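Enquirer: The structure under discussion is supplied below as structure tokens; questions concerning it will follow.
Every number here is computed from the coordinates shown, using simple stated rules; none is lab data. Model, not experiment: these values are computed from the prediction. Ideal geometry is used to build each Cβ from the backbone, glycine not excepted, and the neighbour counts take in all protein chains shown.
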Amino acid sequence: LSGFHHFANKTPNTPNTYFFFNILVLECQNVGLTLKPTTIICDFEESIHVALREVWNTVNIFGCHLHLTQSWYGKIQNLGLCTTYNNNKTPEVQWLNNIFALIFLSPNEVDSCFVDDLISTIPADIKF
């Protein structure tokens, strides 16, 4: 599926992505296979999620940790916080790392962890 990764990133609109998923389904059918994934891990491009749901309405879609962390680091760069972030001993960076770690909790634990453990320790720096 490396070709799909390339294709999906170059065509971020739902009709093209939907068309590509249908081509995959048809090509599998041509060789006697049924393509019906139960779980797909992909980036956070909304058109990919929409197209996946149109082709496989019961598929479980999970965001890719790599793409998420790349997005977060891009925001850190955009805010001019690279130097601060790369000095991982500051309270601000420790707080950000705790925020980033929320993705490893079960969904029903995120709210209470954020409210009980993190909200009271928000850094004073407005950029955070």
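Enquirer: With only alpha-carbon atoms in the gyration tensor, what are the semi-axes of the equivalent ellipsoid for the chain, in Å, largest first?
Expert: Numbers: eigenvalues 286, 60, 24 Å².
Semi-axes (√(5λ), whole Å): 38, 17, 11.
Enquirer: Also, quick follow-up: Treating only the Cβ atoms of Lys and Arg (+1) and Asp and Glu (-1) as charged, compute the dipole magnitude of the chain about its Cα centre; round to the nearest 20 debye.
Expert: Value, rounded to 20: 340 debye.
Enquirer: I've got another one for you. Could you give the C-alpha radius of gyration of the range 54-128 expressed as a fraction of 2.2 N^0.38 Å, taking N as the number of residues it contains?
Expert: The value comes to 1.33.
Enquirer: Enumerate by residue number the trypsin sites (Lys or Arg not before Pro) in the range 72-128 meeting two conditions: DSSP loop (anything except H, G, I, E, B), and at most 12 other Cβ atoms within 10 Å of the site's Cβ.
Expert: Passing sites in the range 72-128 are Lys89, Lys127.
Enquirer: Note down the relative contact order for the range 43-128 as a percent, whole number, built from C-alpha pairs under 8 angstrom at least six residues apart. Numbers along the way, then the final one.
Expert: Values: 36 pairs, mean separation 18.2, N = 86.
The normalised contact order for the range 43-128 reaches 21 percent.
Enquirer: Determine the distance separating the Cα centre of the range 21-52 from the Cα centre of the range 56-128; give it in Å without decimals.
Expert: Value for the Cα centre distance between the two parts: 30 Å.
Enquirer: Please compute the modelled spin-label separation between Asn88 and Lys75, points set 7 Å along Cα→Cβ, answer in nm with one decimal.
Expert: 2.0 nm
Enquirer: Toward the positive end of the charge dipole of the range 45-113, about the Cα centre and with charges on Cβ (Lys, Arg +1; Asp, Glu -1), which of Val55, Phe100, Leu79 goes farthest?
Expert: The Cα lying farthest towards the positive end belongs to Leu79.
Enquirer: Shape call for the range 24-79 from the C-alpha gyration tensor, a ≥ b ≥ c root eigenvalues: rounded (a/c under 1.5), prolate (a/b greater than b/c) or oblate?
Expert: prolate
Enquirer: Percent relative contact order of the range 20-88, based on C-alpha pairs within less than 8 angstrom and at least six residues apart? Walk me through the numbers on the way to the answer.
Expert: Working: 45 pairs, mean separation 19.0, N = 69.
Relative contact order for the range 20-88 comes out at 27 percent.
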